[in-house]
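Here the structure comes first, spelled out in structure tokens, and everything after it is commentary.
Please treat every number below as a calculation from the coordinates, not as lab data. What you are looking at is a predicted structure, and each value in this text was computed from that prediction instead of being measured. Quick reminder, even Gly has a Cβ in these numbers, built from the backbone with ideal geometry, and neighbours come from all protein chains shown.
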Amino acid sequence: MSVPVELNNAIDWASRPSGVDSFNGKPVAIVSASIGILRGARAQYHLSQFFVFQNMHPVNAPEVIVTFAKDMFDANGALVDNTKVS
């Protein structure tokens, strides 16, 4: 699975009725955080296919994919990984 079913359903509901949906012509960006190395990238790719169908305009840069996100926060949700990315 590349897109959570809840997100898929939310996009489906917001895109109705056809031709008068909330997404038509809107700019959109994706940010992903996942526990692995490729899951976020795969989800972003799959969501970009939704954009075409919904006539949304993707913001292609900067691309934000956070890998191994579970290791970047402590039990209280505080950021513990201060690695800078270029």
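Screening the stretch 9-29 for residues that are under 30 Å from residue 73 (Cα atoms) and β-branched (Val, Ile, Thr) and picking the one that is surrounded by the most Cβ atoms within 10 Å (Cβ to Cβ) gives 11.
Restricting the stretch 30-86 to residues that are among the small types (Gly, Ala, Ser) and surrounded by 14 or more Cβ atoms within 10 Å (Cβ to Cβ) leaves a set whose member that is nearest to the chain's Cα centre (by Cα) is 32.
Condition check ((1) in contact (Cβ under 8 Å) with a residue 12 or more places away in the chain; (2) aliphatic (A, V, I, L, M); (3) in a helix (DSSP H, G or I)) across all residues:
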| residue | (1), (2), (3) |
| --- | --- |
| 21 | yes, no, no |
| 35 | yes, yes, no |
| 40 | yes, no, yes |
| 44 | yes, no, yes |
| 62 | no, no, no |
